[in-house]
Amino acid sequence: KLLAENPGIEVVIDLHRDGVREDTRLVTEVNGKQTAKIMFFNGLSRTAKGPIEYLENPYLADNLAFSFQMQAACNEYYPGLARRIYLKAYRYNMHLCPKTLLIEMGAQNNTVEEMKNACEPLAHVLDLVLSGEEPKR
(Lines give C-alpha, C1' and ligand atoms only; values in the text may rest on other atoms or scores of the structure.)
Protein backbone atom coordinates (compact mmCIF):
# COMPACT_ATOMS: atom_id res chain seq x y z
CA LYS A 1 0.00 0.00 0.00
CA LEU A 2 2.79 2.45 0.89
CA LEU A 3 4.59 1.77 -2.38
CA ALA A 4 1.39 2.27 -4.36
CA GLU A 5 0.73 5.56 -2.56
CA ASN A 6 4.34 6.71 -3.02
CA PRO A 7 5.47 5.74 -6.52
CA GLY A 8 8.69 7.75 -6.15
CA ILE A 9 10.12 5.25 -3.64
CA GLU A 10 13.16 3.65 -5.24
CA VAL A 11 14.56 1.56 -2.39
CA VAL A 12 12.89 -0.71 0.15
CA ILE A 13 14.88 -1.72 3.22
CA ASP A 14 13.57 -4.49 5.45
CA LEU A 15 15.72 -4.11 8.58
CA HIS A 16 16.10 -6.90 11.13
CA ARG A 17 18.51 -8.11 13.73
CA ASP A 18 19.84 -11.63 13.50
CA GLY A 19 19.25 -14.33 16.07
CA VAL A 20 22.53 -15.94 17.11
CA ARG A 21 23.95 -18.00 19.96
CA GLU A 22 24.44 -15.85 23.04
CA ASP A 23 28.22 -16.34 22.91
CA THR A 24 28.40 -14.98 19.34
CA ARG A 25 29.37 -11.30 19.05
CA LEU A 26 28.70 -9.58 15.74
CA VAL A 27 30.87 -6.52 16.36
CA THR A 28 33.66 -4.79 14.47
CA GLU A 29 35.39 -1.46 14.86
CA VAL A 30 34.53 1.31 12.41
CA ASN A 31 36.15 4.72 12.84
CA GLY A 32 37.10 3.84 16.41
CA LYS A 33 33.55 2.82 17.38
CA GLN A 34 32.22 -0.59 18.32
CA THR A 35 29.81 -1.30 15.47
CA ALA A 36 27.30 -4.08 14.84
CA LYS A 37 28.12 -6.16 11.79
CA ILE A 38 25.54 -6.28 9.01
CA MET A 39 24.45 -9.05 6.68
CA PHE A 40 22.60 -8.76 3.39
CA PHE A 41 19.93 -11.44 3.06
CA ASN A 42 18.35 -12.53 -0.24
CA GLY A 43 15.28 -14.63 -0.86
CA LEU A 44 15.66 -16.70 -4.02
CA SER A 45 12.06 -17.90 -4.50
CA ARG A 46 13.44 -21.36 -5.20
CA THR A 47 14.63 -24.53 -3.53
CA ALA A 48 17.14 -27.10 -4.76
CA LYS A 49 14.19 -28.69 -6.61
CA GLY A 50 13.48 -25.53 -8.59
CA PRO A 51 11.40 -22.34 -8.46
CA ILE A 52 8.68 -21.87 -5.86
CA GLU A 53 5.95 -20.95 -8.35
CA TYR A 54 3.65 -19.19 -5.87
CA LEU A 55 6.50 -16.94 -4.71
CA GLU A 56 7.33 -15.24 -8.01
CA ASN A 57 9.89 -12.44 -7.78
CA PRO A 58 10.37 -10.40 -10.95
CA TYR A 59 13.19 -8.49 -9.24
CA LEU A 60 15.33 -11.42 -8.14
CA ALA A 61 18.35 -10.57 -10.33
CA ASP A 62 18.04 -6.84 -9.56
CA ASN A 63 17.97 -7.43 -5.82
CA LEU A 64 20.88 -9.86 -5.92
CA ALA A 65 22.92 -7.35 -7.91
CA PHE A 66 21.99 -4.59 -5.45
CA SER A 67 23.09 -6.61 -2.43
CA PHE A 68 26.33 -7.66 -4.20
CA GLN A 69 27.07 -3.99 -4.93
CA MET A 70 26.37 -3.11 -1.29
CA GLN A 71 28.60 -5.95 -0.10
CA ALA A 72 31.44 -4.89 -2.41
CA ALA A 73 31.22 -1.27 -1.26
CA CYS A 74 31.17 -2.35 2.39
CA ASN A 75 34.26 -4.49 1.83
CA GLU A 76 36.02 -1.62 0.06
CA TYR A 77 35.20 1.18 2.53
CA TYR A 78 34.53 -0.68 5.79
CA PRO A 79 36.33 -4.04 5.81
CA GLY A 80 34.79 -6.37 8.38
CA LEU A 81 31.44 -4.54 8.58
CA ALA A 82 29.51 -6.85 6.26
CA ARG A 83 29.18 -10.53 6.94
CA ARG A 84 28.61 -12.97 4.07
CA ILE A 85 25.54 -12.57 1.87
CA TYR A 86 22.91 -15.02 3.07
CA LEU A 87 20.75 -16.79 0.48
CA LYS A 88 17.49 -18.47 1.47
CA ALA A 89 14.77 -20.26 -0.48
CA TYR A 90 11.78 -18.03 0.19
CA ARG A 91 10.90 -14.60 -1.18
CA TYR A 92 10.33 -12.45 1.92
CA ASN A 93 9.60 -8.90 0.67
CA MET A 94 12.10 -9.03 -2.15
CA HIS A 95 9.36 -8.87 -4.82
CA LEU A 96 8.28 -5.34 -3.91
CA CYS A 97 10.90 -3.29 -5.73
CA PRO A 98 13.99 -3.74 -7.94
CA LYS A 99 16.13 -2.27 -5.16
CA THR A 100 15.03 -4.16 -2.06
CA LEU A 101 17.45 -4.98 0.74
CA LEU A 102 16.78 -7.28 3.65
CA ILE A 103 19.46 -6.38 6.17
CA GLU A 104 20.32 -8.17 9.40
CA MET A 105 21.94 -5.47 11.55
CA GLY A 106 23.76 -7.11 14.41
CA ALA A 107 21.88 -9.54 16.61
CA GLN A 108 19.83 -9.77 19.77
CA ASN A 109 22.94 -9.36 21.92
CA ASN A 110 24.28 -6.16 20.32
CA THR A 111 23.87 -2.93 22.22
CA VAL A 112 21.71 -0.09 20.93
CA GLU A 113 24.89 1.97 20.54
CA GLU A 114 26.52 -0.72 18.37
CA MET A 115 23.42 -0.81 16.19
CA LYS A 116 23.30 2.97 15.86
CA ASN A 117 27.00 3.01 15.01
CA ALA A 118 26.28 0.70 12.06
CA CYS A 119 23.78 3.15 10.57
CA GLU A 120 26.34 5.73 9.44
CA PRO A 121 28.56 3.40 7.37
CA LEU A 122 25.47 1.64 6.03
CA ALA A 123 24.00 4.98 4.91
CA HIS A 124 27.34 5.95 3.34
CA VAL A 125 27.53 2.69 1.39
CA LEU A 126 23.92 3.03 0.29
CA ASP A 127 24.67 6.53 -0.99
CA LEU A 128 27.78 5.29 -2.84
CA VAL A 129 25.89 2.48 -4.56
CA LEU A 130 22.83 4.55 -5.45
CA SER A 131 24.92 7.43 -6.78
CA GLY A 132 27.03 5.06 -8.86
CA GLU A 133 30.26 6.35 -7.36
CA GLU A 134 33.27 4.27 -8.26
CA PRO A 135 35.00 2.47 -5.37
CA LYS A 136 38.25 3.99 -4.15
CA ARG A 137 41.37 2.26 -5.36
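The values are calculated or read from the model by the stated rules, or taken from the named source; none is laboratory data. As the structure is a prediction and not an experimental result, all values here were calculated from the model. Note: ideal-geometry Cβ built from the backbone for every residue, glycine included; neighbour counts use all protein chains shown. These accessible areas exclude ligands, DNA and RNA; they are computed on the full protein's heavy atoms, side chains included. Shrake-Rupley method; radii C 1.70, N 1.55, O 1.52, S 1.80 Å.
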Relative contact order computed over segment 25-74 (Cα-Cα under 8 Å; 6+ residues apart), in percent: 26
Cα centroid separation - segment 97-137 against segment 10-78, whole Å: 10
If packing is taken as the average count of other Cβ atoms within 10 Å, what order do 118-125, 17-24, 28-35, 67-74 fall into, highest mean first? 67-74, 118-125, 28-35, 17-24
Residue of LEU102, LEU64, LEU15 that the Gaussian network model of the chain assigns the largest fluctuation, springs spanning Cα pairs under 10 Å: LEU15
Contact order normalised by length for segment 20-137, with contacts defined as Cα pairs under 8 Å and 6 or more residues apart; what percent is it? 38
If you put +1 on each Lys and Arg Cβ and -1 on each Asp and Glu Cβ, how big is the dipole of segment 1-78 around its Cα centre, in Debye rounded to 20? 240
Relative contact order for segment 70-136: what percent, with Cα pairs under 8 Å and sequence separation of 6 or more? 46
Which label in (i) 7.9; (ii) 9.8; (iii) 12.0 gives the computed mean projected area of the Cα convex hull in nm²: (ii)
Near LYS88, which lysines are there with a Cα under 18 Å away, not counting those fewer than 8 places off in the same chain? LYS49, LYS99
What are the ³J(HN,Hα) couplings of segment 12-28, residue after residue, when phi is run through the Karplus curve with 6.51, -1.76, 1.60 and θ = phi - 60°? Round to Hz, x for glycine and proline. 10, 10, 9, 9, 10, 10, 7, x, 10, 4, 4, 8, 8, 10, 9, 9, 9
For an R0 of 25 angstrom, estimate the FRET efficiency from the Cβ-Cβ distance between LEU87 and CYS119 and round to the nearest 0.05. 0.55
Rounded percent of accessible protein surface that carbon and sulfur make up, segment 1-92, 1.4 Å probe: 51
Would you calculate a helix-derived [θ] at 222 nm for the chain, using -39,500 (n - 2.57) for each DSSP H run of n ≥ 4 and dividing by the full residue count, to the nearest 500? -10000 deg cm²/dmol
Which cross-chain or sequence-distant (5 or more) residues have an amide H under 5 Å from the amide H of ALA82, H modelled 1.01 Å from N in plane? ILE38
Out of the trypsin sites (Lys or Arg not before Pro) in segment 51-116, which ones are loop residues according to DSSP with at most 14 other C-beta atoms within 10 Å? ARG84
Considering only protein heavy atoms, what per residue accessible area in square angstrom results for the chain with a 1.4 angstrom probe? 60
Along segment 89-104, Karplus-curve 3J(HN,Hα) (6.51, -1.76, 1.60; θ = phi - 60°) to the nearest Hz, with x for Gly and Pro, reads 5, 7, 9, 6, 9, 6, 8, 7, 6, x, 10, 10, 10, 9, 10, 9
Which order do ILE9, ILE52 take when ranked by solvent-accessible area (1.4 Å probe, heavy atoms of all protein chains), largest first? ILE9, ILE52
Under unit Cβ charges (Lys, Arg +1; Asp, Glu -1), what dipole magnitude, rounded to 20 debye, does segment 42-137 have relative to its Cα centre? 380
For a quick check: with amide H placed at 1.01 Å from N, whose amide H comes under 5 Å from VAL12's, ignoring anything fewer than 5 positions away on the same chain? LYS99, THR100, LEU101
